Each structure stands twice: as C-alpha cells, then as structure tokens.
Amino acid sequence: MSELSRGPELMEKIVSLCKRRGFVYPGSEIYGGLANSWDYGPLGVELKNNIKQMWWKMFVQRRADMVGIDAALLMNPKVWEATGHVATFCDPLVECGFCHARSRADHVKTMSKMTEGFGDFINEYWRDPVGTAKAKPEFLMNTSWTCPTCGKGNELSKTAPRQFNMMLKTWLGPVEDQTAVVYLRPETAQAMFVDFKNILETSRRRLPFGAAQIGKAFRNEITPGNFIFRQREFEQMEIEYFIKPEEWETHFEHWVGELKKWLKLIGVKEDRLHYVDISDEDRAFYSKRTVDVEYDYPFGQKELYGLAYRTDYDLSKHEQFSGAELKFADPENQANKIVPHVIEPSFGVDRTILVALLEAYDEEITDEEIRIVMRFPYWMAPVKVAILPLSKKEELSVPAKEVAQMLREADLTVEYDETQSIGKRYRRQDEIGTPLCVTFDFDSLEDKAVTIRDRDTMEQVRVPISELVVEIRNRLV
Ligand code: GAP
C-alpha cells in the first residue's frame, strides 16, 4: 500500500473514479441534477447488492435468532405520531441573510459568548438589512458564524434557529388534503415494531430474537452533502433485537462485538474507527445507552453506524396509539407477559459504500504511471473476473467469449474486454477492483488452458479451462 493522503483530495479522487467508471453518478444529470441525489451505476449497483447480501447472510440467514421482513415504505401516518416523529423529528435551521441558503444550526459555528442572549435582536436585524449604525456594533461583528454556502456572515446575518421537520410528505389518492397526508419513512426501524405481533405469531420465536430489514429511508436533510454521506434518499440495514429488560447489557455488548466483526469483514482499518458513547444530554430521550460508530472520513470524524438500547419505548407507544397488544407471553407461564425491550443496531448502506470505497482506494507508482487499485475484499468486488483475449482476432475472441459465458452461467460477474494492450486492460480492471483477470492466448487453443492473474499478489497461474470455475471459486473465498 502506498502512502496516500487521506485529506479532501482523496474524496475528489473517489468521486471522480465513481463517475468515470460507473459506480455512482449525479442523479438526473442531463436536467442539471437534483440537489445531492445520486444514482448507482452498473458497477455501483453490483457493489451495493454484494454488501446488502453479505449483511443479510451474516445477520439474518446465518443466525437462528433472526428473521427478515420487507415492509411497505408508506405507513399509516399514526405510526409517526406514536413515535414522536411528527412532533420532534426536527433539525434546527438557520438562514443566511446574504445568500438565503439554509443550513443546520448545529453544523456551523454558532453564537460566540459575546452574542449569547442577543438572538432576538440579531434575528430582527437581518430582515432589516445593511448599513445602519445599529447594524454594526463591533462586538457583534467579531462573532464566529459564517455561512457554509457563501462564506460571508456574522451573527447579524443569520436567523435565530427554528425547528424544521425532516419527514417528507406526500398524499395518497386524488385529493391533496390533510386526511390524505402520508410520510415517506424516515427510518426502516418502525416496520419491525409495527409488525411485531405478526412476526411473533408467524415465526413462533422466543426472546431474545430479532427482526431485520433493508430498505430506503427519506429525510428532508437541510444540508445534504459530502457525496453519498448525507442524502435525502438513502438506504438503511436495521435490526430490532427484542430482549428481556434485565438482559440488556449482555445483549448490548454482543451487538458491539457483531458490529466490529462486520467492520472487519468489509475491510475497515481499526484505527480509523471510534466507538463513541453518547452522553445523557445528546442521546435520544428514549435511549438508555447509545454508541455511535464513527469513522475518519476525509471531511472529519463522523457517524457511520449507530447502536441504541431503545428500552420498550417504541412497542409501548405503538400499544398506546394502536390499541393492539404488543407483548411477549412467557411460554411456561402465559399470564406472565412483558413488552420486550430492544437493542437496535442501525447501518447506513450508502455510508458503508463510501467507507468501502475509501478503504479500498490505493495508488501505486509504476514506470512513472499511477496504478489505481481498488482493493475491495474479493466478496465485495462488483466484477469478479475479467476475460481478456490476447488478440481481437476471431480465432481468440470466439472461444474467449465462450469462456466468459461459461463463467456467467456459473453465477460469476464477468467483464469481457478485448480493446487496447493487455497492460491497459489490467489497469482498467485494477481500477474497478476486479480480483481475477483471465487471459486467453494462442496457446489456449492448443492446451485448453488459460492464465489467471491475481489483483493483489500479481501472481499468474495456468489453469485448464475445465477446472476454471472451481479454481476461481476457491480463489474468491
Ligand atoms: N433507526 C435509527 C436510526 O435511523 P440514525 O442514526 O438516524 O438512526 C441510522 O440513522 C444510520 O442511517 C446512520 O448511522 C447512517 O449510517 C444512516 N443515515 C442516517 N441519515 C442518513 C442520511 N441523511 N444519508 C445517508 N445515510 C444516513
């Protein structure tokens, strides 16, 4: 691994590679885009699917105590009243008096000690702009706030923070009135609580057990940004793990361990991770303990995943608002019923992808050329094998294409590439992280064998075509 700067230039390289090679593009680009929306291209969707499938295998299919669901994205609006999202799922918003851009008050430097308590005066001022003597008392000019969009500003030029609900609203049916309002879910989590009774009855589980879901969530973020880090439409992989309250500490520790195993599997360097215990004043009111997994992104240390002990808050609220009984009855004594408590590990799919891209990116200087290699774990790589005939001539291209098709039918993702020199073709595959390149040469016509080249070791071995599928599978494990 070469010495690579992990500053903002790494972010630029990742964004540019993603666009150039078809991992992630700006959404609606030919129409000038749509603020901070991103589309996953042909390679991006393979990478994303590999990550989601591995997560599902590890946390659902390989565990006896987990089940999965795939719930509707639009839920009865009472769900969000019950959880408190309608009333409190808000961010503090401020507006710049110069460019009118809105930003999150907690994402920019706010009032200095000098201006504390002058909020109303300042708020009044910015609507009554520029130039009056009242406008520029020196002690107010030397404050720390600058607009993250235009770079201008001081306390006088921004509004006082006001609360802004982040749920996206729409209407069901032809009449756009208050009775038809529904929300695009801001988290996948609630479906696991709302479906608790059905899950329990149909899967006949006992405590402890968990329900998992992967799917889209929507938040009207005031300041989306940093590529796919903060978006308005994103994907989550969430688990609600139902437990007896007296066992919460043991289960919490178990899930810290599981998070660590997952992070190792996706190849994140340990020294770039921070497990931050969220303090009483910063924690959501319903949580008794929250640990945020934070990562050293090129734009700073920020949240990657969250782990929360949500107590019985959600199930109790849904009992209260729906009238349904959401309890677990002790099988030995049916009269002994409890509302289970919950440990919630929550993973962002897009942040996982961003971290996987940042961790995989590597550069090697060879012959005054930069070799970019995406060192994805092999299971994660969007293309597993590239088939490269040594010449474009039909003599080689026809049988090489047959080998490619044979591998596709063995469920491997394959790219066939016959243009330009073999060296350039290797570079192209390295740049998208393809673990194995298979060259089909003139000898292949005689000995019915091909050469496999490994992305990381650069080792080359000759393998009979008849054994190729097995050989590749063994190497990808
Ligand atoms: N159910 C709990 C919950 O939703 P959260 O911390 O708000 O908790 C969980 O979100 C995870 O979802 C985050 O750790 C992050 O990975 C991802 N996430 C949240 N907001 C996001 C956004 N605007 N864009 C991309 N990912 C986001």
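Quick notes on this structure:
Residues checked against (1) in contact with a Ser or Thr (Cβ under 6 Å, 6 or more places away or on another chain); (2) open to solvent by less than 70 Å² (accessible area, probe 1.4 Å); (3) not β-branched (Val, Ile, Thr):
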| site | (1), (2), (3) |
| --- | --- |
| 7 | no, yes, yes |
| 23 | no, yes, yes |
| 42 | no, no, yes |
| 60 | no, yes, no |
| 80 | no, yes, yes |
| 93 | no, yes, yes |
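- When each of 224, 186, 174, 208 is tested for being open to solvent by 10 Å² or more (accessible area, probe 1.4 Å) and touching a helix residue (DSSP H, G or I) at 6+ places or on another chain (Cβ under 7 Å), the lone residue that passes is 208.
- The criterion of at least 3 residues that are more than 30 Å from residue 191 (Cβ to Cβ) is met, among helices (runs of 4 or more DSSP H) falling completely within region 1-105, by 8-21.
- When 370, 387, 365 are checked against the criterion of being in a strand (DSSP E or B), β-branched (Val, Ile, Thr) and assigned by TED's automatic domain parsing to the domain that holds residue 438, 387 stands alone in meeting it.
- Options 397, 391; residue that is without any contact (Cβ under 8 Å) to a residue 40 or more places away in the chain and either away from the ligand (no atom under 16 Å from the Cβ) or buried (at least 16 other Cβ atoms within 10 Å of the Cβ) (or both): 397
- Single condition residue 294 does not satisfy, out of (1) within 14 Å of the ligand (Cβ to nearest atom); (2) open to solvent by 10 Å² or more (accessible area, probe 1.4 Å); (3) touching a residue at least 60 places away in the same chain (Cβ under 8 Å): (3)
- With respect to the stated conditions, residue 271 fails to be part of a loop (DSSP other than H, G, I, E, B) and open to solvent by 30 Å² or more (accessible area, probe 1.4 Å).
- All positions within region 303-329 that are away from the ligand (no atom under 15 Å from the Cβ) and touching a residue at least 24 places away in the same chain (Cβ under 8 Å): 312, 320, 321, 322, 324, 325, 326, 328
- Any hit, region 405-414, residues being buried (at least 16 other Cβ atoms within 10 Å of the Cβ), of a type outside the set (A, V, I, L, M, F, W, C) and within 25 Å of residue 22 (Cα to Cα): yes
- From 353, 370, residue being open to solvent by less than 10 Å² (accessible area, probe 1.4 Å) and either of a type in the set (A, V, I, L, M) or closer than 24 Å to residue 439 by Cα (or both): 353
The values are calculated or read from the model by the stated rules, or taken from the named source; none is laboratory data. Everything numeric here is computed off the predicted structure, so don't read it as measured data. Cβ atoms come from the backbone with ideal geometry, glycine included; neighbour counts cover every protein chain shown. We work out accessible area using only protein heavy atoms, side chains counted, and drop any ligands, DNA or RNA first. Shrake-Rupley method; radii C 1.70, N 1.55, O 1.52, S 1.80 Å.
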